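Trainee: The structure under discussion is supplied below as structure tokens; questions concerning it will follow.
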Amino acid sequence: MMQYSVVMHEADEGGYWVEVPALPGCYSQGETIQEALSHVKEAIELYLETLQEEGSALPLDEEIVYKVAVGQ
């Protein structure tokens, strides 16, 4: 099983959109956080399936994500 870091954003028009930094161009969206995560999981699976069909190596997610507090 592979795992990928995702970044969740609130969409200006409502809902959420999600990007996968390790997979350029892999995005999805949803009305709720859970829906967006479900959709991005499907997007990741399709992205990886396409890479496998093309004979390309599957990218590894080596991102280390931290939140840094600044200010007061």
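Trainee: Can you confirm whether segment 41-64 contains a residue that is in contact with a strand residue (DSSP E or B) (Cβ under 8 Å, 6 or more places away or on another chain), free of Cβ contacts under 8 Å to residues at least 40 places away in the same chain and aromatic (Phe, Trp, Tyr)?
Mentor: no
Trainee: Something else about it: Which numbered condition in (1) at pLDDT 95 or above; (2) touching a Pro at 6+ places or on another chain (Cβ under 9 Å) is the only one that residue 63 fails?
Mentor: (1)
The values are calculated or read from the model by the stated rules, or taken from the named source; none is laboratory data. Keep in mind the model is a prediction, meaning the values are calculated, not measured. We place every Cβ from the backbone using ideal geometry, glycine too, and count neighbours over all the protein chains shown.
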